[in-house]
Each structure stands twice: as C-alpha cells, then as structure tokens.
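Reviewing the structure listed below.
What follows is calculated from the coordinates using simple rules that are stated; it is not laboratory data. Values in this document were obtained by computation on a predicted structure and should not be read as measured data. In this analysis, Cβ positions are derived from the backbone assuming ideal geometry, glycine residues included, and neighbour counts consider all displayed protein chains.
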Amino acid sequence: MILDGKKVANELKENLFKRIDSLKKNKIFPSLSIVLVGNNPASQMYSSFLTKTVKKYGLDVKVHEYSENILENELVLEIKKLNEDKNIDGILIMMPLPKHISEEKIIDTILPEKDIDGLTTVNIGSIVKNKDCLCPCTPKAVMTILESYKIDIEGKDVVVLGRSAVVGKTLALMLLNKNATVTVCHSKTRNLKDKTLNADILISAIGKPHYVKEDMVKKDAIVIDVGINKLNGKTVGDVDYEKVEKTARAITPVPSGVGSVTTTVVVDTLVSVVEKKFLHKKG
C-alpha cells in the first residue's frame, strides 16, 4: 500500500479552509514571517515554495531576507522585532544558518508561541513532558500520515534512522508519547541491519539517497521515508522505493510523501496559533 502524502494533505486542506474562513469572518488574518539568511539554494527554494503554499490559503506571508554576513547579535535584534510585532503570528527560520551564527541561539530568540517549527527549548521541553505545544512540522507530518491511515503505533517496535533535533529526536519523543517502543539509530549505531529488521515501523531521516535496502526491512513493515535527496537528477528518498515496496506492507513515496504533508502542517500550525489567541481573547 502506498501512503499517499498528497491525499493526506488534501484531507487537511478541506478542514483548514473552513477554519481560515471562520477566522476571516471575525476579521482575523493569520500572518507568517519567514527569515532567510544568505543564498543557500535549498533554503531559497523551500522559502519560495512555502510562500506560494501559504498564499494559496489566502494568508499573509512575508520573507525577511538578510545578508550572509549579518552578525549574530544583529539577527537576534531582527527576530526580537518580529516577536514584538503584534501583526505577525508565526516565525519560521530557514536552515541552515551561516556558520558564524548559532542556530540554537537564534531559534531560542523566537517567542515559543510564535515558533511555527516548534524548535525552541520551551517547545521541545513540552514534547518531553507530553504537554500541549507547537511541534516541529516534519515529525508532526509523519504522525499525521500514520494517524490518517489508522496505523496503530501503541506497543509497536519503531526504528528511527537519524537523530537531528529537527526530525529524529523530536519524532522519537512524539512516538514515545503515543506508547511506541522506539529505537533511534545514527552514524555510530552498531549492527544497524539487526535493528531495522526488528522494526514494525521503520522511519528514515538521514538524507542519504537509497540508503535503506530491501534486506534491511522486515516483511510487512510500515516504511516512512522522510529523506529528500538528489540522485542522477531525480528527487529520491532515503529508501530504495522500488525494491523495498515489495517487502513493506505500506510505504511513503518520494516525492508525494512526507514533504507534501509538511508544508500543509506549517499552515495548520499557523492557523492553530491564531485560533488559540482568538479563543484566549474571547475568554
């Protein structure tokens, strides 16, 4: 079975448009600010794609572009201005930042309630404690796909390949919060194949094209491919899709998999932030 990200995204869209219409009837117009530093082609492309996506929903979005040479303290001041602007509901930083700038410091400058990608220490800490918070969009997209296809994760052996803060670590925490038994594998993991072959659900987020082969996947496992890579001019995932598809019970394709849901989750998170503010004011 193909776990179709576009289908899941379309299900989210129907509900999103209704929620946005409801906000607009109350003269509330959600607004997103994207922070883009330097000339990283992947960041520029994603920023452009996100901007188009947000505008399709009739929402306000602005890209704040800064030079590659901006000083860390100057960028901190710019983020603080966005924090103080009451017309801005959400802030999203395009990664990676230039090497002379601490990503952690910049992320933690964002107000937690405006942190659309859920990466501030406050929001990550809330995931650890299983409290309501803004969650990183890619892990949330993975959870949304599993939920949409009614894939039960309670008590299941789930193996996550990759331990980045943006995906692997936070996804592992979110899976634990749903009572999965989670193993996180990384570049120092020994006997990797033994671990992946034990997985009822295998999730790869390592950024290596076609790294996951058929002989690494248990028969009838669920395979979620978070990777987006280039191979011979084509966009491919971490998983060797054509071969692994024969072994897996269900698998996400690349493209049209997790990435399709992630951009919709960004909009969903922005709308949720605004709804929460609106309800708080009414209360």
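Quick look at the numbers
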| read-out | value |
| --- | --- |
| Gain in span if fully extended, Leu197 to Val63, counting 0.36 nm per residue against the direct Cα distance | 43.9 nm |
| Full-extension gain in nm, Lys188 to His100, via 0.36 nm per residue minus C-alpha separation | 29.0 nm |
| For the chain, with +1 on Lys and Arg beta carbons and -1 on Asp and Glu, the positive-most of Val8, Gly168, Leu197 along the dipole | Val8 |
| Given charges at Cβ of Lys, Arg, Asp, Glu: the chain dipole, positive-most of Leu97, Ile151, Val76 | Ile151 |
| 4 °C / 1.567 mPa s Stokes-Einstein diffusion coefficient of the range 137-259, Kirkwood radius on C-alpha pairs, µm²/s | 92 µm²/s |
| Nitroxide proxy distance, nm - points 7 Å out along Cα→Cβ at Asn39 and Val76 | 2.8 nm |
| Cα→Cβ-extended label distance, 7 Å offset, between Leu111 and Thr235, nm | 3.4 nm |
| Estimated 222 nm signal from helices in the chain, with DSSP H stretches of n ≥ 4 weighted -39500 (n - 2.57), rounded to 500 | -13000 deg cm²/dmol |
| 9 Å beta-carbon shell around Tyr66, net charge (K/R +1, D/E -1) | -4 |
| GluC sites (Glu not before Pro) restricted to the range 42-90 and DSSP loop, no more than 16 other C-beta within 10 Å | Glu68 |
| Hydrodynamic radius (Kirkwood) for the chain, which is based on Cα pairs only, to one decimal in Å | 19.7 Å |
